[in-house]
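K.L.:
This is the structure I have questions about; it appears just below.
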Amino acid sequence: MILFADLGDLGLRFGINAVAMATLIFGIYYRRHGDRTLATTAGMFNIFAFAVLGKLSSVDFGLGAGFGLFAILSLFNLRSEQIGRIEIAYFFGAIAIAVICSLEGVPIGNILAISALTLVSVYVIDHPALLRGSRAIKVTLDRIDSHLLAEPETMKSVLTERLGVIVTSYEIESVNYVNELAVINLTYTKSLREARR
């Protein structure tokens, strides 16, 4: 009877994990950002993390070792390919849900409350209407004017004119003088055409 009770508890935790992960990754992330590869990867990492941590939580396993495993699982995919900051946040969230749901001794009510509050918070924070006016993009320029690197405001004006949007900030990621290329991360608001109306 104890075995069936343990399996029932594990199944309930897995069900909560699966619903919370699907809501986060497929209900929020995929609908808003549309990256099928990352959505699938984050979903699978969630399931794998739940399986590993679900087993390890039933044996004598230190909290420090659990966080170490959590960090390894998080960094494994992040080191294999360059992904954006928003993708990192969702990927981390998928694994965090697996950790929360897999720990034995945490009451089911707490798991439900934490999962629900997390999902509602993510839904609000990443809602397009919240920060409607600002967007981020990575741009590769095929021409480098070396004097612009020392003049941030002029650089901002040049980027605004070249791209046709109002550039609010930028960060130079890399400069290649051999091929005359510069990779720049920038944030912008509306187009120049809209601003001039």
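The values are calculated or read from the model by the stated rules, or taken from the named source; none is laboratory data. Computed from a prediction, not measured in an experiment: that's the story for all the values here. As a convention, Cβ positions derive from the backbone with ideal geometry for all residues, glycine included, and neighbour counts pool all protein chains shown.
K.L.:
Out of everything in the stretch 170-186 that is in a strand (DSSP E or B) and acidic (Asp, Glu), what residue ends up being surrounded by the most Cβ atoms within 10 Å (Cβ to Cβ)?
P.N.:
Among them, the one singled out is 173.
K.L.:
Among the residues that make up the stretch 82-100, is at least one of them outside any helix (DSSP H, G or I) and at pLDDT 75 or above?
P.N.:
Checked against the condition, which is being outside any helix (DSSP H, G or I) and at pLDDT 75 or above, the stretch 82-100 yields no hits at all.
K.L.:
Here's a follow-up. Take residue 86 and tell me if it is more than 30 Å from residue 173 (Cβ to Cβ) and either crowded, with 17+ Cβ neighbours inside 10 Å or of a type outside the set (Phe, Trp, Tyr) (or both).
P.N.:
Answer is no for this residue.
K.L.:
Something else now. I want to confirm something. Restricting to the stretch 138-169 and keeping residues that are in contact (Cβ under 8 Å) with a residue 24 or more places away in the chain and in contact with a Ser or Thr (Cβ under 8 Å, 6 or more places away or on another chain), which single residue is surrounded by the fewest Cβ atoms within 10 Å (Cβ to Cβ)?
P.N.:
164
K.L.:
Quickly run through the stretch 117-158 and pick out the residues that are closer than 30 Å to residue 94 by Cα, in contact with a Leu (Cβ under 9 Å, 6 or more places away or on another chain) and of a type in the set (Lys, Arg).
P.N.:
Within the stretch 117-158, just 138 meets the criteria.
K.L.:
Being touching a residue at least 40 places away in the same chain (Cβ under 8 Å) and of a type in the set (Asp, Glu) is the filter here; which residues of the stretch 170-191 pass it?
P.N.:
Result: no residue meets the conditions.
K.L.:
Further, regarding this structure: If you go through the stretch 100-148, how many residues are of a type outside the set (Asp, Glu) and under 28 Å from residue 18 (Cβ atoms)?
P.N.:
The qualifying residues number 28.
K.L.:
Continuing with this model, one more query. For the stretch 101-147, which residues satisfy the criterion of being small (Gly, Ala, Ser) and modelled with pLDDT under 90?
P.N.:
Hits for the stretch 101-147 are 102, 105, 129, 133, 134, 136, 146.
K.L.:
Restricting attention to the stretch 111-133, which residues are of a type outside the set (Phe, Trp, Tyr) and surrounded by 12 or more Cβ atoms within 10 Å (Cβ to Cβ)?
P.N.:
Scanning the stretch 111-133 gives 111, 112, 114, 115, 116, 118, 119, 122, 126, 127.
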